[in-house]
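Shown next, in structure tokens, is the structure this report addresses.
All of the numbers you see were taken from the coordinates with simple rules; none came from a lab. No experiment lies behind these values; they were computed from the predicted model shown. Neighbour counts run over all protein chains shown; Cβ positions are idealised from the backbone, glycine included.
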Amino acid sequence: MKRFEGKAVVVTGAASGIGAACVRRLWDEGACVALADQDQGGVDKLVTLLGGDARLYGGNLDVSDAGQVEEFVATAQKKFGSLHGLINCAGIKGVGNVLDCESENWKKVMSVNLDGTFLMCQAFARAVQHDKTSRAIVNISSGAGIMGVPNRLPYVASKFAVSGITRTMGAELGPYGIRVNAIAPGMIRTPFTAYMFDDPEKARRIRAAHAIGREGQPEEIAAVAAFLLTDDASFMTGAIVSVDGGQTACIPSV
Ligand code: NAP
């Protein structure tokens with residue numbers, strides 16, 4: 001018996017990187033997966049790659065749009081009958097510091113990374129609140145949701161907020177049997193970070209910042225996200241799980 005047979009999971013940011021790895025992992029383990037991303041072409045490509053079977057439903061979605069979010073979750077629920085899980089991976093970069101960050105930039109980053117996560121969690125929780133089966137949410141926060149990062153002020157703010165709402169929603173949804181946890185990844189090799197590895201010196205510094213001496217792969221985040229959705233994690237809620245090769249484990253020695 002595969003772990004996710006008969007279970008449906010919504011994944012945002014599903015067209016790329018960590019989201020796409022989560023889709024593959026869940027699909028491999030028997031899940032029905034609703035893939036949501038603003039990159040419709042990328043979603044279609046992944047659905048085709050996985051054989052385009054009835055266990056997959058792909059849709060175009062801007063997670064910062066409350067109406068679209070509500071409609072996507074309702075459609076996925078109708079298509080699969082019930083929903084077991086949600087993984088929120090959609091996210092964007094947020095560059096800027098306290099002196100130069102423009103308000104538009106700040107709002108854009110918050111609208112996708114924070115509002116998008118909140119809206120998805122709210123739509124999912126409202127849709128499944130009365131179900132009797134086990135249900136769980138995994139939000140993708142960041143090491144930048146645990147430690148400050150100079151010149152990434154809006155991104156850091158959005159990810160600290162994702163960690164904060166994860167803890168609070170864990171408390172709020174516990175009585176409904178819905179667990180809510182977050183993963184704080186270290187540097188993961190995806191299209192989001194690819195440019196950082198173009199410079200060999202920068203790549204060396206990135207690897208040196210991780211205790212195990214390398215960046216992570218999206219599959220290493222997907223494996224933990226899948227675990228958090230299963231009943232093996234039945235006593236975990238409101239947790240922020242670092243999956244970062246030791247990046248935030250200690251202060252680097254000088
Ligand atoms: P990625 O490869 O860029 O994937 C993110 C996906 O989200 C892309 O397909 C992107 O579409 C989509 N997206 C962006 N805005 C959206 C919106 N408004 N509505 C729906 N979809 C949207 O990035 P990733 O590295 O997999 O990152 C996934 C998550 O992990 C993000 O939240 C990121 O902050 C977090 N994270 C990543 C790392 C890392 O090192 N990679 C580390 C810590 C945390 P477009 O390509 O069209 O923008």
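Okay, here's what the table says:
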{"read-out": "The stretch 83-108 - residue that is in a loop (DSSP other than H, G, I, E, B) and loosely packed, with under 15 Cβ neighbours inside 10 Å and, of those, nearest to the ligand (Cβ to nearest atom)", "value": "LYS93"}
{"read-out": "The stretch 4-54, residues that are over 23 Å from GLN122 (Cα atoms), crowded, with 16+ Cβ neighbours inside 10 Å and basic (Lys, Arg)", "value": "ARG24, ARG25"}
{"read-out": "Candidate set: the stretch 139-197, residues that are more than 28 Å from ALA127 (Cβ to Cβ) and without any contact (Cβ under 8 Å) to a residue 12 or more places away in the chain; chosen: the one nearest to the chain's Cα centre (by Cα)", "value": "ALA194"}
{"read-out": "Residue ID - surrounded by the fewest Cβ atoms within 10 Å (Cβ to Cβ), chosen from residues in the stretch 109-139 that are assigned to a loop (DSSP other than H, G, I, E, B) and in contact with a Ser or Thr (Cβ under 8 Å, 6 or more places away or on another chain)", "value": "THR133"}
{"read-out": "For GLY30: the one exception among (1) touching an Asp or Glu at 6+ places or on another chain (Cβ under 6 Å); (2) within 13 Å of the ligand (Cβ to nearest atom)", "value": "(2)"}
{"read-out": "Residue match in the stretch 246-253 (condition: aliphatic (A, V, I, L, M) and part of a helix (DSSP H, G or I))", "value": "no"}
{"read-out": "Lone qualifier among PHE227, PHE235 - being without any contact (Cβ under 8 Å) to a residue 24 or more places away in the chain, under 30 Å from GLY174 (Cβ atoms) and not in a helix (DSSP H, G or I)", "value": "PHE235"}
{"read-out": "Identity of the residue in the stretch 1-17, touching a Phe, Trp or Tyr at 6+ places or on another chain (Cβ under 8 Å) and within 6 Å of the ligand (Cβ to nearest atom), that ends up farthest from LEU61 (Cα to Cα)", "value": "GLY17"}
